[in-house]
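Scroll down for the structure; my scribbles are underneath it.
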Amino acid sequence: MSKTQPAAYSPVHIFLHWVIAALIVFQLVFGESIKDLGRALRDTGAPDTLTTVMGNAHIWVGVTVLVLTLLRLLIRARFGVPAPVPASRIQELAARVVHGLLYLLMIVVPITGLLAWYGGIREAGDLHELAKPLFIILILLHVAGALYHHFALKDRTMKRMITSRI
């Protein structure tokens, strides 16, 4: 564990943030493809090529989100992250809660998806599906917070996740 706190997010932190964000948006937009694949396999046993590709993409993108999130957490633990920009106690609490829940979802959602698809665990599938609206709400809160910091408070919060230069 690092004893120092970096002055800025590293290029690796920033890269992982944006790659994971893009993968999650892909999942939210194209996530229903896994249901299409499941129905096609159940009903005809022979899904068309697009259904197969998109269904499998959902699985592999989910696994990638899980692996990259775990890597991101390891890098955070090892090298640290910059101190938060000073804010009110309520803003700090909101940021911690939203970030914590996002990290939790980035780990739990792929695992529940895998348990549902490969393990046939219906409850895991139900939990997996319930996560979509929660993900959307948390992403909107995260983006709103970043935009608030950028446009209303005019601090460096948002810029820190765009460039590692101080």
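The values are calculated or read from the model by the stated rules, or taken from the named source; none is laboratory data. Since we're looking at a predicted model, the values are computed, not measured. Methodologically, a virtual Cβ is constructed for each residue, glycine included, from the backbone with ideal geometry; neighbour enumeration extends over all protein chains shown.
Taking the criterion of being in a helix (DSSP H, G or I), of a type outside the set (D, E, K, R), within 19 Å of residue 112 (Cα to Cα) and in contact with a helix residue (DSSP H, G or I) (Cβ under 7 Å, 6 or more places away or on another chain), the residues of the range 1-55 that qualify are 20, 23, 24, 26, 27, 28, 30, 33, 34, 37, 54, 55. Cβ-Cβ distances below 6 Å connect the following pairs, each with a first residue in the range 129-144 that is closer than 20 Å to residue 62 by Cβ, a second residue that is buried (at least 16 other Cβ atoms within 10 Å of the Cβ), and a separation of six or more residues or different chains: 131/105; 131/109; 135/105; 138/98; 138/101; 138/102; 142/98. Looking across the range 1-51 at every residue that is in contact with a Leu (Cβ under 7 Å, 6 or more places away or on another chain) and under 20 Å from residue 103 (Cα atoms), the one that is surrounded by the fewest Cβ atoms within 10 Å (Cβ to Cβ) is identified as 19.
Quick grid of which residues meet (1) in a helix (DSSP H, G or I); (2) farther than 19 Å from residue 31 by Cβ; (3) modelled with pLDDT of 95 or more:
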| residue | (1), (2), (3) |
| --- | --- |
| 70 | yes, yes, yes |
| 96 | yes, yes, yes |
| 131 | yes, no, yes |
| 165 | no, yes, no |
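Listed conditions (1) acidic (Asp, Glu); (2) under 29 Å from residue 7 (Cα atoms); (3) under 19 Å from the mean Cα position of the chain (by Cα) are all met by residue 129, apart from (2). Screening the range 44-68 for residues that are of a type in the set (Ser, Thr, Tyr) and modelled with pLDDT of 95 or more and picking the one that is farthest from residue 17 (Cα to Cα) gives 49.
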